[in-house]
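Peer 1: Below is one structure. I have some questions about it.
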Amino acid sequence: MRQAMAEARVGDDVIDRDPTVAELEARTAELVGQQAGLFMPSGSMSNLVAVMTQTGRGERFLAPRHAHVLSHELGTSAWIGGAIALELPWTRAPGVPSADDLAAVAAEESRPGAYYDLATRLVCLENTHNHGGGHYIPRSEAQDLYDVAHQAGWAVHLDGARLWHAAAAQSISPAEAAGPADSVSVCFSKGLGAPVGSMLCASRELIDRARRWRKALGGGLRQSGVLAAAALVALDQELPRIDQDRRRAQILAAALRRLGLEVAEPPTNIVLVAPDRLSTAGELALAWQEAGVGCMAMGPYVRLVTHRDIDDQILARGIELLTEGAARLRARRAD
Ligand SMILES: Cc1ncc(COP(=O)(O)O)c(C=O)c1O
């Protein structure tokens with residue numbers, strides 16, 4: 001990947017485009033079933049630009065509780081984008097609303113209202129859902145969600161930072177996992193191992209408008225081909241093996257259960273661990289970090305993630321370190 005970055009053909013993507021970025025944009029758009037792509041420095045910027053392109057100031061968007069765009073991006077969709085969020089419940093699975101949840105909002109809005117009533121323009125779905133523990137939206141359910149949204153006249157943005165994992169878990173293509181979204185964002189840095197980068201994909205017309213917002217937010221990048229080259233290697237070399245992450249997450253979950261911890265079966269590459277009654281999520285995460293394992297507390301859980309750098313050997317070593325860390329924490333608590 002470093003070699004590809006060093007050798008990348010570059011241009012000036014702010015002025016007349018960079019050839020390696022153009023290649024990545026075309027390739028990613030095709031992968032997710034959209035017409036065009038726009039390279040972004042981060043998934044957060046992709047989401048914000050998607051909201052800004054598809055809502056106006058004071059208009060509403062819907063998103064499942066704890067969606068990244070709601071809970072983990074400083075609320076920028078509101079204070080920079082001017083959009084107002086309504087949280088959807090996790091009716092179908094953690095992070096996944098039902099078509100009926102959308103239909104209920106649509107029914108409320110279908111009654112003739114006053115000019116000052118809040119109007120919904122967009123639904124932001126997240127596939128897989130980070131805070132929900134990597135749950136994916138099954139393809140048939142995604143279709144129902146899109147149908148209800150589109151019938152209500154709303155656009156749909158899919159935050160597919162980990163769409164690759166959603167596709168692999170269902171043995172379908174990323175385009176099939178994305179479904180008929182109006183915009184889709186994906187990340188090259190999650191699971192795939194590129195250092196930087198996300199892509200917003202949509203129709204050419206939407207991407208032309210999104211390019212203006214990206215520039216306004218400071219995301220116009222010049223010789224960005226060095227970054228796109230890394231993402232191309234990620235697609236070539238890492239995408240075909242991405243389902244290994246799920247297999248390893250399941251091994252990790254089983255090992256942690258043997259330590260007496262409560263761990264749900266990971267649907268993809270995220271493992272959520274409930275701490276035992278002797279500690280909080282923050283304390284358990286700290287004990288594991290001190291033992292040498294990268295992890296974080298997320299809500300009431302500790303989040304562990306498998307990705308391209310976690311092979312079978314490193315996983316086995318990681319499980320040893322987690323076992324030692326948990327034992328040390330329990331010994332300290334028992335004192
Ligand atoms: C589902 C989801 N969307 C968007 C993002 C934002 O990506 P970035 O960290 O590149 O801004 C993340 C980051 O973890 C994420 O999990």
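Peer 1: Report the extension gain between R277 and R333 in nm, rounded to one decimal, defined as 0.36 nm multiplied by the number of residues separating them, less their alpha carbon distance. Walk me through the numbers before you get to the answer.
Peer 2: Details: separation 56, 0.36 × 56 = 20.16 nm, distance 1.03 nm.
Gain on extension, R277 to R333, equals 19.1 nm.
Peer 1: Let me know the charge dipole size of the range 243-334 about its Cα centre in debye, to the nearest 20, where only the beta-carbon of Lys, Arg (+1) and Asp, Glu (-1) is charged.
Peer 2: Result for the range 243-334 is approximately 260 debye, rounded to the nearest 20.
Peer 1: Let me ask you something else. Between helix 139-151 and the chain, what is the angle of the helix's C-alpha long axis to the longest principal axis, kept within 0 to 90° and rounded to the nearest 10?
Peer 2: Approximately 30 degrees, to the nearest ten.
Peer 1: Please determine, in degrees from 0 to 90 and to the nearest 10, the orientation of helix 243-258 with respect to the longest principal axis defined by the Cα atoms of the chain, where the helix direction is its Cα long axis.
Peer 2: The answer is roughly 40 degrees.
Peer 1: Using θ = phi - 60° and the Karplus curve 6.51 cos²θ - 1.76 cosθ + 1.60, what whole-Hz ³J(HN,Hα) does each residue of the range 82-87 get, with Gly and Pro shown as x?
Peer 2: Karplus values, whole Hz, x for Gly and Pro: x, 8, 10, 9, 10, 6.
Peer 1: Just to confirm the number: angle between the C-alpha axis of helix 312-334 and the first principal axis of the chain, 0 to 90 degrees, nearest 10?
Peer 2: In the chain, helix 312-334 runs at an angle near 70 degrees to the longest axis.
Peer 1: Kindly put M5, M40 in sequence by how many other C-beta atoms sit within 10 Å of each C-beta, fewest to most. Before the final figure, lay out each step's value.
Peer 2: Working: M5 19, M40 27.
Ordered by Cβ neighbours within 10 Å, fewest first: M5, M40.
Peer 1: Right, another one. Rank these for me by crowding, H131, H157, going from fewest to most other beta carbons within 10 Å. Let's see the in-between values first.
Peer 2: On the way: H131 24, H157 29.
With the sparsest Cβ surroundings first, the list reads H131, H157.
Peer 1: While we're here: Using modelled amide H (1.01 Å from N, peptide plane; none on Pro or chain starts), what sits under 5 Å from the amide H of T120, excluding residues fewer than 5 places away?
Peer 2: Here the answer is R60, since their amide H atoms fall under 5 Å of that of T120.
Peer 1: Name the residues whose placed amide hydrogens come within less than 5 Å of the amide hydrogen of L86, ignoring near sequence neighbours (fewer than 5 apart) on the same chain.
Peer 2: For L86, whose amide H was placed from the backbone, the distant partners under 5 Å are F61, L62, A63.
Peer 1: Amide H of M40 versus every other amide H placed in the peptide plane: which residues, excluding those fewer than 5 positions away on the same chain, fall under 5 Å?
Peer 2: For M40, the qualifying residues are S198, M199, L200.
Peer 1: How big is the dipole moment of the range 143-219 about its Cα centre under a simple scheme where the beta carbon of each Lys and Arg is +1, that of each Asp and Glu is -1, and everything else is neutral? Debye, nearest 20, please. Working shown, then result.
Peer 2: Numbers: 8 positive and 7 negative charges, 109 e Å.
Result for the range 143-219 is approximately 520 debye, rounded to the nearest 20.
Peer 1: Past the 14 angstrom mark, what percentage of all C-alpha to C-alpha distances in the range 86-143 do you count? List each step's numbers first, then the result.
Peer 2: Numbers: 972 of 1653 pairs.
I get 59 percent for the Cα pairs in the range 86-143 exceeding 14 Å.
Peer 1: Which Rg and Dmax, in Å, describe the Cα atoms of the range 123-269?
Peer 2: 16.9, 53
Peer 1: Here is a further query. Please check: in the Gaussian network model of the chain (C-alpha springs, under 10 Å), which one of D16, D147, D159 has the largest mean-square fluctuation.
Peer 2: Its mean-square fluctuation being the largest, the pick is D16.
Peer 1: While we're on this one: Name the longest site-free stretch of the chain, where the excluded sites are trypsin sites (Lys or Arg not before Pro) in a DSSP loop with no more than 16 other beta-carbon atoms within 10 Å. Present the calculation step by step, with values, prior to reporting the outcome.
Peer 2: On the way: sites that count: R9, R57, R65, R222, R277.
It works out to 66-221.
Peer 1: Starting from the alpha-carbon convex hull of the range 243-334, give the projected area averaged over all orientations, in nm².
Peer 2: 5.1 nm²
Peer 1: Arrange the following residues from fewest to most other Cβ atoms within 10 Å of their Cβ: Y146, Y115.
Peer 2: Ascending Cβ contact count within 10 Å gives the list Y115, Y146.
Peer 1: Assign unit charges at the C-beta atoms only (+1 for Lys and Arg, -1 for Asp and Glu), then state the dipole size of the chain relative to its Cα centre in Debye, rounded to the nearest 20. All intermediate terms of the calculation are to be shown ahead of the outcome.
Peer 2: Working: 34 positive and 40 negative charges, 122 e Å.
Computed about the Cα centre, the dipole is about 580 debye.
Peer 1: What is the local net charge at P266, summed over the other residues whose Cβ is closer than 14 Å to its Cβ (Lys, Arg +1; Asp, Glu -1)? All intermediate terms of the calculation are to be shown ahead of the outcome.
Peer 2: Numbers: positive: R162, R246, R247, R248, R257, R303; negative: D243, D245, E262, E265.
So the environment of P266 carries a net charge of +2.
Peer 1: While we're looking at this one, here's another question. For the chain, build the charge dipole from Cβ charges (+1 Lys, Arg; -1 Asp, Glu) around the Cα centre, then report which of A107, L31, A230 sits farthest towards its positive end.
Peer 2: A230
Peer 1: Pulled fully out, how much extra length does the chain show between E320 and R111, if you take 0.36 nm times their separation in residues and subtract their Cα-Cα distance?
Peer 2: On the way: separation 209, 0.36 × 209 = 75.24 nm, distance 5.91 nm.
Result: 69.3 nm gained on full extension.
Peer 1: Based on the Kirkwood radius over alpha-carbon pairs, what value in µm²/s does the Stokes-Einstein equation return for the translational diffusion coefficient of the chain at 25 °C and 0.890 mPa s?
Peer 2: Values: Rh = 20.8 Å.
Using the Kirkwood radius from Cα pairs, D works out to 118 µm²/s.
Peer 1: Oh, and also: Of the options L122, V14, V263, report the single residue whose Cα projects farthest towards the positive end of the charge dipole of the chain (beta-carbon charges: Lys, Arg +1; Asp, Glu -1).
Peer 2: V263
Peer 1: Could you tell me the calculated FRET efficiency between D147 and D12, based on Cβ-Cβ distance and R0 = 41 angstrom, to the nearest 0.05? Can you show the working numbers first?
Peer 2: On the way: r = 42 Å, r/R0 = 1.03.
After rounding to 0.05, the efficiency reads 0.45.
Peer 1: What number, in percent, do you get for the relative contact order of the chain if the mean sequence gap of Cα pairs under 8 Å and at least 6 apart is divided by its residue count?
Peer 2: On the way: 673 pairs, mean separation 67.5, N = 335.
Computed over the chain, the figure is 20 percent.
Every number here is computed from the coordinates shown, using simple stated rules; none is lab data. The structure presented is a predicted model; accordingly, all values stated were derived computationally and were not measured. FYI the Cβ positions are ideal-geometry reconstructions off the backbone, even for glycines, and counts take in every protein chain you see.
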